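Asks: Take a look at this one; I'll ask things after.
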Amino acid sequence: MRRLVLILVPYLWLLALFLVPFAIVFKISLSDVALARPPYLPHFSWETGIWDFLSQLDFENFVFLTTDSLYWKAYLSSLQIAVTATFLTLLIGYPIAYGMARAPEHWRPTLMMLVILPFWTSFLIRVYSWMGILSQEGYLNQLLLWIGIIDTPLTILNTNTAVYIGIVYTYLPFMILPIYSALDRMDGSLIEAAEDLGCSRTQAFWLVTVPLSKNGIIAGCFLVFIPTLGEFVIPSLLGGSETLMIGKILWEEFFNNRDWPVASAVAVVLLLILVVPIVLFQRNQQKQAEAEK
């Protein structure tokens, strides 16, 4: 009975906070926009019955997403921004995590605290701070003008560059922490053995360190890629009108256009884009674990 309770708790949590909301959103995506409260039809009624209710649902909104270029361009743009930002975050985060793992033991808690420290400040405050830093009259342009590197202020705010800066800064700890965890558990004698067998430090790094930290790299990439793909705040505040991301489309459909069915269809497709690679990755990891046994 205790084992059953322990198993039921996470499944009930998943049911309440994921499956039920997803079912509601999926049902709205099959509805039609209407001047009603809530702004879609049909609504379930015990008088007409469930079969009459189901007969009024259709996939018109999903078909509409394939015919309007705005949506698939937004998906492609979001994928491109998310992949690029994830790569940049990995490029910056891995050396930091490697340095933390190789630092003296008594320095590691301090370095860990410095990585986590930005979370002590509100996410919105941090994004607004970057608006002050990256604007034409901001601190970055003032510093570059004072040093003499540039003659005229750079236009960084309201561009994709500002979006990348904001995403990398915001999600960098999510990349550093799993990689650091993987590197911290690695046996240092393996590097010594590789060097004794004739590998240089660079070769030992690529042949031993990187493969052993693969799980941390994959976990960090997922932790950055998944929220970045649906990001709304950073592209809205730091990006310009040409920055097209699916999170902005969702906001506009829900709150500006009041088209909940189309917005729900956009959300369902976005969720499928995120869930499918995760499921495939988990199955691949399971097959590798079974092969090792």
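The values are calculated or read from the model by the stated rules, or taken from the named source; none is laboratory data. Predicted model only: the values in this text are computed from it and were never measured. Positions of Cβ are backbone-derived with ideal geometry, glycine not excepted, and every protein chain shown enters the neighbour counts.
Asks: Given the criteria farther than 21 Å from Tyr164 by Cβ, hydroxyl-bearing (Ser, Thr, Tyr) and modelled with pLDDT under 90, does Thr202 qualify? Show your work before the answer.
Replies: Values: farther than 21 Å from Tyr164 by Cβ: yes; hydroxyl-bearing (Ser, Thr, Tyr): yes; modelled with pLDDT under 90: yes.
So Thr202 passes the test.
Asks: Looking at Gly216, Gly198 in this structure, which one is not in a helix (DSSP H, G or I) and not aromatic (Phe, Trp, Tyr)?
Replies: Going through Gly216, Gly198 in turn, just one is not in a helix (DSSP H, G or I) and not aromatic (Phe, Trp, Tyr): Gly198.
Asks: Would you be able to say whether some residue in region 266-283 is touching a helix residue (DSSP H, G or I) at 6+ places or on another chain (Cβ under 8 Å), outside any helix (DSSP H, G or I) and over 21 Å from Ser77 (Cα atoms)?
Replies: No, every residue in region 266-283 fails to be touching a helix residue (DSSP H, G or I) at 6+ places or on another chain (Cβ under 8 Å), outside any helix (DSSP H, G or I) and over 21 Å from Ser77 (Cα atoms).
Asks: What is the number of the single condition among (1) in a helix (DSSP H, G or I); (2) modelled with pLDDT of 90 or more that Glu231 does not meet?
Replies: (1)
Asks: Please go through region 15-60 and give me each residue that is farther than 19 Å from Val275 by Cβ and either in contact with a helix residue (DSSP H, G or I) (Cβ under 6 Å, 6 or more places away or on another chain) or charged (D, E, K, R) (or both), ordered by number.
Replies: Matches in region 15-60: Ser31, Asp32, Val33, Arg37, Pro39, Tyr40, Pro42, Phe44, Glu47, Asp52, Asp58, Glu60.
Asks: Give the residues of region 151-168 that are surrounded by 12 or more Cβ atoms within 10 Å (Cβ to Cβ) and either touching a Cys at 6+ places or on another chain (Cβ under 7 Å) or free of Cβ contacts under 8 Å to residues at least 40 places away in the same chain (or both), sorted by residue number.
Replies: Those that are surrounded by 12 or more Cβ atoms within 10 Å (Cβ to Cβ) and either touching a Cys at 6+ places or on another chain (Cβ under 7 Å) or free of Cβ contacts under 8 Å to residues at least 40 places away in the same chain (or both): Pro153, Leu154, Thr155, Ile156, Thr161.
Asks: Please work out if Phe62 is of a type in the set (A, V, I, L, M, F, W, C) and either without any contact (Cβ under 8 Å) to a residue 12 or more places away in the chain or under 30 Å from Ala219 (Cβ atoms) (or both).
Replies: No; evaluated as a whole, the condition is false for this residue.
Asks: Take region 33-54 and flag every residue that is surrounded by 13 or more Cβ atoms within 10 Å (Cβ to Cβ) and within 30 Å of the chain's Cα centre (by Cα).
Replies: Passing the criteria: Val33, Pro39, Tyr40.
Asks: Tell me whether region 145-168 contains one or more residues that are of a type in the set (D, E, K, R), under 30 Å from Cys221 (Cβ atoms) and out of contact with any helix residue (DSSP H, G or I) (no Cβ under 6 Å at 6 or more places or on another chain).
Replies: no
Asks: Only one of (1) more than 22 Å from the chain's Cα centre (by Cα); (2) among the basic types (Lys, Arg); (3) under 24 Å from Pro235 (Cβ atoms) is not met by Lys27, so which one is it?
Replies: (3)
Asks: Here is a further query. Here's a check for you: in region 73-87, which residue that is surrounded by 17 or more Cβ atoms within 10 Å (Cβ to Cβ) and of a type outside the set (S, T, N, Q) is nearest to Asp184 (Cα to Cα)?
Replies: Ala85
Asks: What are the residue pairs meeting all of these: first residue in region 28-49, first residue under 16 Å from Glu253 (Cβ atoms) and in a loop (DSSP other than H, G, I, E, B), second residue at pLDDT 85 or above and aromatic (Phe, Trp, Tyr), Cβ atoms under 9 Å, and 6 or more apart or on different chains?
Replies: Sorted first by the residue in region 28-49, then by its partner, the pairs are Leu30/Phe59; Leu30/Phe62; Ser31/Tyr40; Ser31/Trp260; Ala34/Tyr40; Pro38/Trp260; Pro39/Trp260.
Asks: How many residues are without any contact (Cβ under 8 Å) to a residue 12 or more places away in the chain and under 12 Å from Ser264 (Cβ atoms) if we restrict to region 5-27?
Replies: 3
Asks: Can you tell me how many residues in region 102-127 are in contact (Cβ under 8 Å) with a residue 12 or more places away in the chain and either β-branched (Val, Ile, Thr) or in contact with a Ser or Thr (Cβ under 9 Å, 6 or more places away or on another chain) (or both)?
Replies: So the count comes out to 6.
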